[in-house]
Amino acid sequence: MLADLPKAARSPYVVAVAATKGGTGKTSIATALAVESARRGLDVLLVDADARQRSAALWAAAREASPRVPCKVFTPPPPESSTNPLLALRDLIGERDLVLLDAGGADSRALRAVLAVADLVLVPLRAGAFELWSLDDLAGILDALAVVRDAPPPVVLVLNQAPAGKLADEARALLATYVARPGWTLAEPVVRARVAWPRAGGSGLSPAEFDAPARADIDRLYDVLTRLGLPEPQETFE
Ligand SMILES: Nc1ncnc2c1ncn2[C@@H]1O[C@H](COP(=O)(O)OP(=O)(O)OP(=O)(O)O)[C@@H](O)[C@H]1O
Ligand SMILES: [Mg+2]
């Protein structure tokens, strides 16, 4: 069976869900994608790289009580702990298929570390001028990281909490200048503002486990990421 072959030759595909602006939906989308990729059969690890807020860690604790698809989450040790988080993380990453990194919404050492190792950077963005302007900061950080990377990572922008109608269209037009940067794209599907997101998050669920319209948004986003390189589950042959 192909699945029995050792996975040693592979290293995980690393997606950083990142932005320098707070509250754009990074943790929401990272947790939803973690559930979705686990549901599709990938060996995925979600890393909470936001030691200050620990939103993904709190979500993971809530999820433990739920009988759904289990989802592995690395949660940072509390600041007073003597555990070296990098060593603990190294042991956990192993040869997984996919690692999702959820960094907090500000320029920080954690954000730069996450951007330094990412194979793909996914930037959730609300359709507002302040969010769009923050892309200049992100672009500057990625430029600065050129010294530690062979090549810049592809960056995919996704409009989150998108209102229906004109505002999303206006945001798309404004984003054109950013998408003109080499390697930057705007995901065609948007993630709509839906109550399923805050409701699901508080219960350790993905909105896809909550309602069908949110499930459709996540499916469409997942397909975009698959086309950009997100691994697909290995087939097994008898
Ligand atoms: N598509 C959506 N529809 C409705 N609410 C959403 C959507 N996406 C995220 N939210 C809500 O927006 C709020 C902020 O989301 P979240 O915490 O994921 O953002 P974040 O980018 O991780 O924030 P931070 O920068 O503080 O880490 C949460 O209350 C979340 O439930
Ligand atoms: Mg967050």
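The values are calculated or read from the model by the stated rules, or taken from the named source; none is laboratory data. Small disclaimer: the values here were computed from a predicted structure and weren't measured. Don't worry about glycine lacking a Cβ; one is built from the backbone with ideal geometry, like all the others, and counts go over all protein chains shown.
Among the residues that make up region 59-82, is at least one of them surrounded by 15 or more Cβ atoms within 10 Å (Cβ to Cβ), under 11 Å from the mean Cα position of the chain (by Cα) and not in a helix (DSSP H, G or I)?
The answer is no; no qualifying residue exists.
Residues to consider are L46, L100, L33; find the one that is outside any helix (DSSP H, G or I), modelled with pLDDT of 95 or more, closer than 14 Å to S206 by Cα and away from ligand 2 (no atom under 11 Å from the Cβ).
Result of the check over L46, L100, L33: L46.
Please determine whether any residue of region 18-38 is farther than 26 Å from P163 by Cβ, in contact (Cβ under 8 Å) with a residue 12 or more places away in the chain and within 12 Å of ligand 1 (Cβ to nearest atom).
Within region 18-38 (the criterion being farther than 26 Å from P163 by Cβ, in contact (Cβ under 8 Å) with a residue 12 or more places away in the chain and within 12 Å of ligand 1 (Cβ to nearest atom)), the answer is no, since none of the residues qualifies.
Specify which of the listed residues (P198, P207) is over 16 Å from the mean Cα position of the chain (by Cα) and within 16 Å of ligand 1 (Cβ to nearest atom).
It is P198.
Take the conditions away from ligand 1 (no atom under 16 Å from the Cβ) and within 21 Å of P231 (Cα to Cα) and apply them to E80. Does it pass?
For E80, the condition - away from ligand 1 (no atom under 16 Å from the Cβ) and within 21 Å of P231 (Cα to Cα) - is not met.
Sort out which residues of region 195-234 are among the basic types (K, R) and farther than 16 Å from V35 by Cβ, and write them in order of number.
Within region 195-234, R227 is the sole residue that qualifies.
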